[in-house]
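Have a look at the structure below before the remarks.
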Ligand SMILES: [Zn+2]
C-alpha cells in the first residue's frame, strides 16, 4: 500500500514535469540524432550508455541495465523509496500532496519562509550598498578590492549597516521576527545578525539565496568573516558558491575551477574566469562533488600555494577520485599569494591553466621536493612518500601510470634501477604515520643483452609508450625524434617497430587493419587503450611524452651498459684481452650517447 500515493497527485506530477529536465539536474545529456545520452549516474563509466527517451518518458542504461520512469529515477538517484520520490517531485511540480502532514510539512513550510526572508534580505543589503549613504564602507571596500559594479550586481553583493535596521524593515512589513532569527538574519536580542559587513549571498545552483557570508569592513575586527549558521534552508557542506553563475561556463569549458575564497571567485569572474566556484566555509565535501558532477567530471584546483592550501588540494584529489571527478592542480607563479592578487596584477589565466597538471602527477612530483636522488637516505624517504601517494590511487592503471611518472620526475629509473613494480609491490597498505618504507631490494642483474627486463616480452615502460601512441598518434613525431630503436631491447624493439610502422603507413586506420596480425599481447594492449584510454594517457602532454621517451632511452642504455660491463669483467677473467678491448670500445661509444 502507498498511503501518500494518490493517483491524482502522480498524474498531476507526470503532466507537469518532463523526465528530461529532472534527469538533467543530475546527468549531462547530449543529443545524438534524436537520442539523448549521458554518463550513467548509477554505475561508474567513461562513455555514455545511459539513454533517455523524451517521447516515452523512459530511461535505460545499456551497461548496468537499470531503467524506469520519472519516479524510479528519483528513487534511485535520491536513494529513497517511492513515497520519498513522490514528495520530492511534488515539491518540484508544485503539486500539493493531499495527505501530507505533520513534521515534514511544517519543515517544508518553514524552509519556504526562510528562503523568502533570505530573498528579501539580499534585496535589502544590495539596496543599502548601492543607494544608501550607510552603504559607503561597503562601497569603499569593493573599490579597494577593485570589484566593479557589474560584478557586484551579478553576485548580489550588499552591505549590512550597524544596529537593527533589517529587523526594523521586517517588522514594518509584517514579517515574523522568530522566523528571521531561525534564518540567521536577526539575533535573539533583536539586533541584525550581520552588522558593518559586506554581505555576500550564498545561492544554490538555481540561484535561490540560502545563506550569507559577511566580511567585516572594520580594521582590527577579530572575526573577519561571519557565516549564516546552519538552518533548515542551509547546509554549508552541500552548496558550492557561485555555481548558479558558473554552471553554463562549466558546461561549455568542460571543467570547473575550484578556489579557496569567495573573493577569489568574485574577482575571477570579473576577469573572465566564469567557471570559478568555491566551497566556502568548509573543506570540499562529497556532497559538493556529487553536485558538481551534474555539470562536469573535471575540476581544476586553484588553492593557495602554502602548506594549508597544498593539504587541502591533496584531500580534494582523493575525495574527487571517489566521486569519479578528475582533478588538475593549477598553481600561480611569482609573488601573488592568491588568485585574487594574481588576476588583479594582470596575470594570464590561460597560462596558469595550460601549466596545470593532473592531481596525482602533482602529488607524486611534490614528494620529490627537497630530496636528492643521489643520496641513499633521500631515496629511501622518497620511496616511502611515493608509495603512500600511490596507495591512495584506486585505479590500477592510474597507479602504474603515476608510478612511472614518479620515477621519471625523481630520475631514479635508469641509474638506480627503481621500477614501477618495486613501488607498487605490497600496495595498498598506506604506511603508518611515522613508519618508514623499507629500501626496495635490488633487482637481479640482467644476464645478457636480450634479456627481457620484467619477465614479459614487453617492458612496462615501452608498453605504456605504445598505449600512448595508439591513442595519441600525433605524439609519434616527437617520439621518433628522440628514440633510436637500436636502443631498445629486442622484444620491445620488435613491438615498437610494428606499431610505428603501421602508424607511419596510414595512421590509426592502418593500425586497425593490421592489428589482427600483431602478437596477442600487443593486440590486447592496443585494444585496451582504445576501449578505455588509461586516464593518464589522455592527460599526457607533449612534455610528458618526451620525458617518458627519455626515460625509456636512459633505462635501456643503462641496461646495455651493465651487460657490457659484465661481459668485460668476464673477458678480463678469461684474460681474453682482444675481446676486452672490443667491449671497452663499445662501452665508450655507449657513454658518448648518454
Ligand atoms: Zn548504468
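Structural remarks
- When restricted to residues that are without any contact (Cβ under 8 Å) to a residue 40 or more places away in the chain, over 23 Å from residue 208 (Cβ atoms) and out of contact with any strand residue (DSSP E or B) (no Cβ under 9 Å at 6 or more places or on another chain), region 116-151 contains 5.
- Within region 551-582, the residues that satisfy the criterion of being surrounded by 14 or more Cβ atoms within 10 Å (Cβ to Cβ) and farther than 29 Å from residue 410 by Cβ are 567, 568, 571, 572, 579, 580, 582.
- Helices (runs of 4 or more DSSP H) (entirely within region 456-532) containing at least 3 residues that are over 28 Å from residue 49 (Cβ atoms): 460-471, 476-482, 490-514
- Any hit, region 320-328, residues being within 14 Å of residue 259 (Cα to Cα) and in contact (Cβ under 8 Å) with a residue 12 or more places away in the chain: yes
Residues are listed down the side, and each one gets a yes or a no for (1) surrounded by 19 or more Cβ atoms within 10 Å (Cβ to Cβ); (2) part of a loop (DSSP other than H, G, I, E, B); (3) over 22 Å from the mean Cα position of the chain (by Cα):
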site: 194; (1), (2), (3): yes, yes, yes
site: 198; (1), (2), (3): yes, no, yes
site: 213; (1), (2), (3): yes, no, yes
site: 232; (1), (2), (3): no, yes, yes
site: 246; (1), (2), (3): yes, no, no
site: 251; (1), (2), (3): no, no, no
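Every residue, every condition in (1) free of Cβ contacts under 8 Å to residues at least 60 places away in the same chain; (2) more than 12 Å from the ligand (Cβ to nearest atom), yes or no:
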| position | (1), (2) |
| --- | --- |
| 35 | yes, yes |
| 49 | yes, no |
| 63 | yes, no |
| 88 | yes, yes |
| 97 | no, yes |
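- Residue in region 73-85 that is nearest to the ligand (Cβ to nearest atom), counting only those that are under 26 Å from the mean Cα position of the chain (by Cα) and without any contact (Cβ under 8 Å) to a residue 40 or more places away in the chain: 76
- Of the set (1) closer than 21 Å to residue 283 by Cα; (2) touching a helix residue (DSSP H, G or I) at 6+ places or on another chain (Cβ under 8 Å); (3) modelled with pLDDT of 90 or more, all apply to residue 386 but (1).
- Condition check for residue 70: in contact with a helix residue (DSSP H, G or I) (Cβ under 6 Å, 6 or more places away or on another chain) and either touching a residue at least 24 places away in the same chain (Cβ under 8 Å) or within 16 Å of the ligand (Cβ to nearest atom) (or both): yes
- Residues in region 51-61 that are within 15 Å of the ligand (Cβ to nearest atom) and either farther than 12 Å from residue 22 by Cβ or in the same structural domain as residue 251 (by TED's automatic domain parsing) (or both): 51, 58, 60, 61.
- Residue 159 in contact with a strand residue (DSSP E or B) (Cβ under 8 Å, 6 or more places away or on another chain) and surrounded by 15 or more Cβ atoms within 10 Å (Cβ to Cβ): yes
- Selected residue [outside the structural domain of residue 24 (by TED's automatic domain parsing), in contact with a helix residue (DSSP H, G or I) (Cβ under 6 Å, 6 or more places away or on another chain), at pLDDT below 95 and at positive phi] from 207, 220: 207
- Filtered residues of region 20-33 (kept if away from the ligand (no atom under 16 Å from the Cβ), at pLDDT 90 or above and either buried (at least 19 other Cβ atoms within 10 Å of the Cβ) or over 22 Å from the mean Cα position of the chain (by Cα) (or both)): 20, 21, 22
- Flag if residue 46 is crowded, with 16+ Cβ neighbours inside 10 Å and not assigned by TED's automatic domain parsing to the domain that holds residue 325: no
- Residue match in region 395-405 (condition: modelled with pLDDT of 85 or more, in contact with a strand residue (DSSP E or B) (Cβ under 7 Å, 6 or more places away or on another chain) and under 21 Å from residue 321 (Cβ atoms)): no
- The single residue among 186, 267, 181 that is at pLDDT 95 or above and touching a helix residue (DSSP H, G or I) at 6+ places or on another chain (Cβ under 7 Å) turns out to be 186.
- Meets criteria (surrounded by fewer than 22 Cβ atoms within 10 Å (Cβ to Cβ) and assigned to a strand (DSSP E or B)) for residue 226: yes
The values are calculated or read from the model by the stated rules, or taken from the named source; none is laboratory data. For clarity, every value in this text was computed on a predicted model and none was experimentally measured. No Cβ is skipped: glycine too gets one built from the backbone with ideal geometry, and neighbour counts run over all protein chains shown.
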